[in-house]
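The values are calculated or read from the model by the stated rules, or taken from the named source; none is laboratory data. Small disclaimer: the values here were computed from a predicted structure and weren't measured. Note that we place each Cβ from the backbone using ideal geometry, even for glycine, and neighbour counts take in every protein chain shown. When the accessible area is computed, the model is the full protein with side chains, heavy atoms only, and any ligands, DNA or RNA have been set aside. Shrake-Rupley method; radii C 1.70, N 1.55, O 1.52, S 1.80 Å.
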Amino acid sequence: MPPRNIIIDTDPGQDDAVAILLALASPDDLNVLGITAVAGNVPLHFTSKNARVICELSGKPDVPVFAGCDAPLQRKLVTAEHVHGKTGLDGVALPDPQMQLQDAHGVDFIIEALRHAPVGTITLCPLGPLTNIATAFQRAPDIIERVQEIVLMGGAYFEVGNITPAAEFNIYVDPEAADIVFNSGVEITVLSLDVTHKALVTHARVDAFGAIGNRVGEVVASWTHFFERFDIAKYGSAGAPLHDPTVIAYLLQPDLFTGRHINVEIETQSELTLGMTVADWWGVSGRQPNAQFIGTINDDGFFDLLTRRLALL
Ligand code: BDR
Ligand code: CA
């Protein structure tokens with residue numbers, strides 16, 4: 001089978017960075033057509049720079065990187081420096097990138113890539129707020145039916161929220177964008193906090209990254225060590241959740257995951273529960289299923305896959 005074509009839409013963020021590295025370490029399975037940066041964990045200036053830092057770290061400076069939207073559709077940007085540090089990639093000093101941003105806007109790249117590829121041959125992998133994807137769908141509705149699938153990190157049902165008691169960060173930052181994407185009719189697979197809170201970077205797993213023996217392993221160990229301070233303090237758990245790489249792992253090895261095909265709606269009105277993913281896990285609403293909502297992960301298998309692939313960079 002030829003590798004699956006993907007576009008990674010992202011707001012790096014250390015966990016986004018690990019996801020990008022996992023994808024770039026897997027060229028037999030995934031062909032990364034481009035990386036589109038969006039404002040999220042940190043402002044666009046940093047996310048579009050960080051995406052290039054990561055490509056260079058992986059030894060793949062030819063991957064096209066595009067800057068996308070710098071603010072949510074209707075709201076003021078909310079960022080997460082308290083988790084990811086000022087740059088979004090705090091934890092280890094990396095050189096400024098030599099590679100340039102592409103001239104095109106990230107949204108235009110998504111539109112043109114989908115228009116020029118055969119129908120159903122590009123998978124979108126959003127790892128941040130859904131602003132770029134929703135903007136592309138609004139501006140060029142003809143591309144919606146051309147998308148093979150969307151596999152995204154966002155939302156939660158049993159774990160409810162992380163940025164507010166009711167909402168997960170990526171959905172909360174741009175709930176209107178999430179609403180557009182979830183109601184687009186595209187096949188969506190959701191890797192939510194219900195899954196990522198089962199994928200904890202324990203000390204043994206940080207050590208395993210460090211023991212890989214290459215620069216990428218060292219850097220990933222430093223990043224994961226950096227952001228664990230926040231989550232361990234918050235949840236009292238054995239390590240921090242590694243959110244975004246679950247999206248890429250799902251594409252590489254879907255048998256590590258199980259889920260249900262259910263209805264998911266986005267709260268866009270209530271101040272109290274803004275950005276909540278109202279996931280009908282128990283099938284009580286009568287609403288049509290619109291997403292594959294993943295609930296379990298084989299966490300040892302996930303970290304084994306990740307560590308083996310990062311060793312290839
Ligand atoms: C999501 O929010 C960001 O902080 C992470 O990069 C991840 O995409 C988790 O809620
Ligand atoms: Ca992210």
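Selection among 165, 83, 128 by position relative to the dipole of the chain gives 83 as farthest towards the positive end (Cβ unit charges, Cα centre).
Rounded to the nearest 20, the Cβ-based charge dipole of the chain about its Cα centre (Lys and Arg +1, Asp and Glu -1) stands at 260 debye. What you get for the range 99-167, charging only the Cβ of Lys and Arg (+1) and of Asp and Glu (-1), is a dipole of about 40 debye around the Cα centre. Accessible surface for residue 115 stands near 100 Å², nearest 10, in the context of the full protein assembly shown (1.4 Å probe). Estimated purely from DSSP H runs of n ≥ 4, each contributing -39500 (n - 2.57), the mean residue ellipticity at 222 nm for the chain is -10500 deg cm²/dmol once divided by its residues. Dividing the convex hull volume of the alpha-carbon atoms in the range 4-310 by its residue count gives 118 Å³ per residue.
The local environment of residue 114, defined by Cβ-Cβ distances under 15 Å, has a net charge of -3 under the rule Lys, Arg +1 and Asp, Glu -1.
Taking a probe of 1.4 Å, how large is the accessible area per residue of the chain, in Å²?
Details: 12170 Å² over 313 residues.
Ligands and nucleic acids excluded, the figure is 39 Å² per residue.
With the full set of protein chains in place, find how many percent of the accessible area of the range 119-163 is carbon and sulfur; take the probe as 1.4 Å.
Roughly 46 percent, rounded to a whole number.
Shape of the range 1-149 from its Cα gyration tensor (a ≥ b ≥ c, root eigenvalues): rounded if a/c is under 1.5, otherwise prolate when a/b > b/c, or oblate? Oblate is the answer for the range 1-149, as a/c is 1.5 or above yet b/c matches or exceeds a/b.
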